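This report refers to the structure that appears directly beneath it.
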Amino acid sequence: MPDTTDPPAKPVRPAVDRKARLAAPSHRPTKQKPETRVLNWDEVSNLFEPGIAMQEAARCIQCPAAPCQKACPVHNDIPAALWLLENSDFSGAADIFRQTSELPEMCGRLCPQERLCEGHCVVGKNALPVAIGKLETFTTEWQRAHGGGTPVATEPPSGKRVAIVGTGPAGIAVAERLARKGHAIVMFEAWPRSGGVLRYGIPTFKQNKAAVDRKFDDLAALGVEVRTSTRVGQDVDWSALVGEFDAVFVGIGAQAGTSLGIPGEEAEQVLTATNFLVRCNLDPADLPEAMRDPLGSPRRVVVIGGGDTSMDCVRSARRLGAEDVTLVYRRTAAEMQGRVEERTHADEEGVHFEYLAAPIAVLRGDAGEVRALRCQRMALGEPDDTGRRRPQAVPDSEFDIAADMIVVAIGYNVEEEWGEVTPDMVRDRWARIVADPDTLATNLPGVFAGGDDVNGADLVVTALADGHRAAEAIHSYLLAQ
């Protein structure tokens, strides 16, 4: 992996025939058929074939302004990478992506490219945009398969020690960048395995766990120590942690699910999205003991929400064997903030969408079991502060959806317990950590924070961008000590 402190020279790219490139046909990798993929947990999309990947990369018109690069939160040099790819330098292309991203294998799979790089692709104004995300995944996976992509330390030991609380995307970025600067890094993870949301929040059919394991092998090779099943504030005292390390980065994410606040929600078969997803997607040994009970075989599952997590839940329910899976969303598809590709996959897999509906009660049987979700119809009114039209209840419009399991996927917050761990740390009215937007420094000396615990539930690549700024600021802070 190239040294991030001394990036390689950009490839020399001669002028291209943009008119011819704009006329070239688009390509996408093949996928498992819906009727096949609902029977397994394997990734839906296959990797590009090398020759097809080269052809797709050659659709890039090499814009001097590179709007795709500007739209990327970590500013991947996409034109340079695609130029190397179309000229069969797959590993060189992967190196370009790795210059600005510690998780290109994941970002290529998980980023909403349609509103980031691909959404700003000039080719996409008149045709399908270049498949940047799928090409990023291809190059980096090809490089891994051929023995490359492992980071190396670039500076001698500094004698400084940094604690990172959380092993998700933000923590990974900070750990790798500071380890390459020679600092000793110890990561603390409350769950039994490392990876945070990459392991516990994203189903295997979107992101295989082997890619997560490889990343932590990389970090181990850099000397990073990871302590799993270690909750700061419970297994490790916060004051002792701050006293032992020269700096601390908090990247605990936003894992606490938002409740509905409706009658009957306390039923055992009403689950948070996290509880449902981890019990579907992981081996019980990878879970805390309280989450190891099997989910059973629900036949009728209702999921409430409208983002990517809700799509993960409905699609997981189908793979769990549920025959009737319904998504309840209070607005329409036009207002949904998740990926269109994920909604398309869910529709292909037989999920029913109940738009303009909101839950008002969980109906239970004589033994307390869930038997239905009572909803009411909604209509869209004036826009709210997000610019989306506000849903309003339609009088006398109640209806019931039969269910034996209900999953709530309406948002995530920072765990309330964190306020007890660090009572002096300033947080906002949503309990998110307040950090300087440029340095990610908190109000506590030597303590930095970034990712979802600062921004609220957001993208993997956004957390990476936070990690980059935090790593730079922490390095400067350590040098000044």
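Name every residue in the range 443-481 that is surrounded by fewer than 19 Cβ atoms within 10 Å (Cβ to Cβ), at pLDDT 95 or above and either of a type in the set (D, E) or touching a Phe, Trp or Tyr at 6+ places or on another chain (Cβ under 7 Å) (or both), in order of residue number.
G446, E472
With the requirement that a residue be within 19 Å of V460 (Cα to Cα) and in a strand (DSSP E or B), what does the range 151-187 give you?
Within the range 151-187, I164, V165, M187 meet the criteria.
Looking at the range 455-481, which of its residues are in a helix (DSSP H, G or I) and more than 13 Å from V174 (Cβ to Cβ)? Explain how you work it out, then say what you get.
Keep residues of the range 455-481 that are in a helix (DSSP H, G or I), which gives 455, 460-480.
Scanning the range 455-481 gives N455, V460, V461, T462, S476, L479, A480.
For the range 430-453, indicate whether the set of residues that are closer than 30 Å to R299 by Cα, touching a residue at least 40 places away in the same chain (Cβ under 8 Å) and outside any helix (DSSP H, G or I) is non-empty.
Checked the range 430-453: no residue is closer than 30 Å to R299 by Cα, touching a residue at least 40 places away in the same chain (Cβ under 8 Å) and outside any helix (DSSP H, G or I).
Checking the structure you have, find out if any residue of the range 315-331 is among the aromatic types (F, W, Y), over 23 Å from A256 (Cβ atoms) and not assigned by TED's automatic domain parsing to the domain that holds S45. Show your work before the answer.
Initial filter on the range 315-331 (among the aromatic types (F, W, Y)): 329.
Cutting the leftovers down to over 23 Å from A256 (Cβ atoms) gives us none.
No: zero hits.
Considering only the range 190-197, I want to know if a residue exists there that is under 18 Å from the mean Cα position of the chain (by Cα), outside the structural domain of K33 (by TED's automatic domain parsing), surrounded by 21 or more Cβ atoms within 10 Å (Cβ to Cβ) and part of a helix (DSSP H, G or I). Show your work before the answer.
Within the range 190-197, the first condition is being under 18 Å from the mean Cα position of the chain (by Cα), and the residues that meet it are 191, 193-197.
Subset that is outside the structural domain of K33 (by TED's automatic domain parsing): 191, 193-197.
Those still in the list that are surrounded by 21 or more Cβ atoms within 10 Å (Cβ to Cβ) too: 191, 193-197.
Restricting the remaining residues to those that are part of a helix (DSSP H, G or I) gives 197.
The answer is yes; a qualifying residue exists.
Residue by residue, here is whether (1) surrounded by 12 or more Cβ atoms within 10 Å (Cβ to Cβ); (2) within 23 Å of G338 (Cβ to Cβ) holds:
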site: A361; (1), (2): yes, no
site: L373; (1), (2): yes, yes
site: L380; (1), (2): yes, yes
site: P383; (1), (2): no, yes
site: T386; (1), (2): no, yes
site: S397; (1), (2): yes, no
site: A403; (1), (2): yes, yes
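Which of the residues that make up the range 97-130 are under 19 Å from the mean Cα position of the chain (by Cα) and over 24 Å from R214 (Cα atoms)?
Applying the first criterion (under 19 Å from the mean Cα position of the chain (by Cα)) to the range 97-130 yields 97-98, 100-119.
Those that are under 19 Å from the mean Cα position of the chain (by Cα) and over 24 Å from R214 (Cα atoms): E114, R115, L116, C117, E118, G119.
Kindly indicate whether any position in the range 232-252 is closer than 30 Å to M405 by Cβ, buried (at least 20 other Cβ atoms within 10 Å of the Cβ) and either without any contact (Cβ under 8 Å) to a residue 60 or more places away in the chain or not basic (K, R) (or both). Walk me through how you get there before you give the answer.
Here is the first cut: in the range 232-252, the residues closer than 30 Å to M405 by Cβ are 252.
Of the ones still in play, those that are also buried (at least 20 other Cβ atoms within 10 Å of the Cβ) are 252.
Then keep just the ones that are either without any contact (Cβ under 8 Å) to a residue 60 or more places away in the chain or not basic (K, R) (or both); that gives 252.
Yes: one or more hits.
Would you check which residues across the range 310-353 are in contact with a Cys (Cβ under 7 Å, 6 or more places away or on another chain) and under 26 Å from Q392 (Cβ atoms) and list them?
Listed by number, the list holds a single entry, V328.
Answer yes or no as to whether G171 is at pLDDT 95 or above and in contact with a Pro (Cβ under 8 Å, 6 or more places away or on another chain).
In short, no.
Failed condition for A210, given (1) modelled with pLDDT of 95 or more; (2) surrounded by fewer than 21 Cβ atoms within 10 Å (Cβ to Cβ); (3) not in a loop (DSSP other than H, G, I, E, B), with all others met?
Among (1) modelled with pLDDT of 95 or more; (2) surrounded by fewer than 21 Cβ atoms within 10 Å (Cβ to Cβ); (3) not in a loop (DSSP other than H, G, I, E, B), the lone unmet condition for A210 is (1).
Checking V302 against (1) more than 21 Å from the chain's Cα centre (by Cα); (2) assigned to a loop (DSSP other than H, G, I, E, B); (3) of a type outside the set (S, T, Y), which test does it fail?
So the condition that V302 fails would be (2).
Taking the options R115, R98, name whichever one is out of contact with any Ser or Thr (no Cβ under 6 Å at 6 or more places or on another chain), in contact (Cβ under 8 Å) with a residue 60 or more places away in the chain and in the same structural domain as K31 (by TED's automatic domain parsing).
On the way: R115 fails: in contact (Cβ under 8 Å) with a residue 60 or more places away in the chain.
Only one candidate passes the filter, namely R98.
Residues to consider are V407, V426, V421, V340; find the one that is touching an Asp or Glu at 6+ places or on another chain (Cβ under 8 Å) and β-branched (V, I, T).
Numbers: V407 fails: touching an Asp or Glu at 6+ places or on another chain (Cβ under 8 Å); V426 fails: touching an Asp or Glu at 6+ places or on another chain (Cβ under 8 Å); V421 fails: touching an Asp or Glu at 6+ places or on another chain (Cβ under 8 Å).
On inspection, the qualifying residue turns out to be V340.
Given the structure, is G296 assigned by TED's automatic domain parsing to the domain that holds D366 and touching a residue at least 40 places away in the same chain (Cβ under 8 Å)?
Details: assigned by TED's automatic domain parsing to the domain that holds D366: yes; touching a residue at least 40 places away in the same chain (Cβ under 8 Å): no.
So G296 does not fit the description; no.
Please enumerate the residues belonging to the range 352-376 that are among the acidic types (D, E) and over 31 Å from the mean Cα position of the chain (by Cα). Talk me through it step by step, then tell me what you get.
Here is the first cut: in the range 352-376, the residues among the acidic types (D, E) are 354, 366, 369.
Matches in the range 352-376: D366, E369.
Are there any helices (runs of 4 or more DSSP H) wholly within the range 18-119 with 1 or more residues that are more than 29 Å from V152 (Cβ to Cβ) and either modelled with pLDDT of 95 or more or small (G, A, S) (or both), and if so which?
Numbers: elements: 18-23, 34-37, 50-57, 67-71, 78-86, 90-100, 104-110.
So the answer is 18-23, 34-37, 50-57, 67-71.
Which of the residues that make up the range 253-295 are small (G, A, S) and crowded, with 17+ Cβ neighbours inside 10 Å?
Filtering the range 253-295 for residues small (G, A, S) gives 253-254, 256-257, 259, 261, 264, 267, 273, 285, 290.
Residues satisfying the conditions are G253, A254, A256, G257, G264, A267, A273.
Just one of (1) at pLDDT below 95; (2) crowded, with 18+ Cβ neighbours inside 10 Å; (3) more than 23 Å from A471 (Cβ to Cβ) trips up F138, so point out which.
Condition (1) is where F138 drops out.
Please work out which residue is nearest to I262 (Cα to Cα), limiting yourself to the range 406-442 and to residues that are buried (at least 17 other Cβ atoms within 10 Å of the Cβ) and charged (D, E, K, R).
Only one residue tops the list, namely E415.
Residue by residue through the range 265-290, note down the ones that are free of Cβ contacts under 8 Å to residues at least 12 places away in the same chain and part of a helix (DSSP H, G or I). First the steps, then the outcome.
Our first condition is that a residue be free of Cβ contacts under 8 Å to residues at least 12 places away in the same chain; within the range 265-290, this holds for 266, 283-284, 289-290.
If the condition is that a residue be free of Cβ contacts under 8 Å to residues at least 12 places away in the same chain and part of a helix (DSSP H, G or I), then P284, E289, A290 are the ones that fit.
The values are calculated or read from the model by the stated rules, or taken from the named source; none is laboratory data. Note that the structure is a prediction, hence the values are computed from the model and not measured. Please note: Cβ atoms are built from the backbone with ideal geometry, for glycine as well, and neighbour counts cover all protein chains shown.
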